[in-house]
Amino acid sequence: MSYIELSATLLITVYVLLITRKIVWAWPLGIITFSLFAVLFYQIRLYSDFFEQFYYIGNCFYGWYVWLAAKKRAQNGEKELEVSYTSGKSRLIAGAIIVIGGITAGFVMSRIHTWLPALFPQQAAYPYIDATATIMGFVAAGLMAHRKIEAWILWLCVNSICIWLYFTLNVKFVAILYIFFFALSVNGLITWKKELRKKI
């Protein structure tokens, strides 16, 4: 296990716990965490995951802004950013993004070693599976910033894929971490659903 893997693993555990409790400082911690994961995934040739981290870093800046703005509005007596479900139309759009994005990104990642051999000298590992999990994570992160319950359902799917993928690639510590993330996602889903029921 490398120091990068260990540090990223410990930090992302704290990040997920803070997100579950809707604590705004999860976002700046996430920026550091996903930067470390970018380095790790490049080293183990999960190129979709490597590129994914840059999206997550950007989403952390976005989520940080959205949650701080919502907190400021709440302090001024305005409506707080509440937990809610997405609309049926939004779910269809999210599903289309995952399917089309997964196929497209998988195609690109399966050939990136031939297009950019200087940057990616080896063939990507499991490009289509990795790409689909990556796109699913993109959608989940966007929904998370707006406190949509479906985000946790997508994270359950992402975590399931990642558990298998990382064990297969012998990144066992990260695989075990994703088992923990799966449990945290279950907890997050239950917690947010309870909060929503209180407001109905």
Residue list for the range 136-177, restricted to those being farther than 26 Å from Glu80 by Cβ, open to solvent by less than 30 Å² (accessible area, probe 1.4 Å) and aromatic (Phe, Trp, Tyr): Tyr166
Any hit, the range 64-81, residues being touching a Pro at 6+ places or on another chain (Cβ under 7 Å), more than 21 Å from Asn170 (Cα to Cα), open to solvent by less than 90 Å² (accessible area, probe 1.4 Å) and at pLDDT 90 or above: yes
Failed condition for Ser7, given (1) under 26 Å from Thr168 (Cα atoms); (2) at pLDDT 85 or above; (3) touching an Asp or Glu at 6+ places or on another chain (Cβ under 6 Å); (4) polar (S, T, N, Q): (3)
Whichever residue in the range 42-63 is among the aliphatic types (A, V, I, L, M) and outside any helix (DSSP H, G or I) and, among such residues, is most open to solvent (accessible area, probe 1.4 Å): Ile44
Enumeration of residues in the range 1-41 that are among the hydroxyl-bearing types (Ser, Thr, Tyr), part of a helix (DSSP H, G or I) and over 21 Å from Val83 (Cβ atoms): Tyr3, Ser7, Thr9, Thr13, Thr33, Ser35
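The values are calculated or read from the model by the stated rules, or taken from the named source; none is laboratory data. Remember, it's a predicted structure, so these values are computed and weren't measured experimentally. Don't worry about glycine lacking a Cβ; one is built from the backbone with ideal geometry, like all the others, and counts go over all protein chains shown. Please note that ligands, DNA and RNA were not included when accessible areas were found on the heavy atoms of the full protein model with its side chains. Shrake-Rupley method; radii C 1.70, N 1.55, O 1.52, S 1.80 Å.
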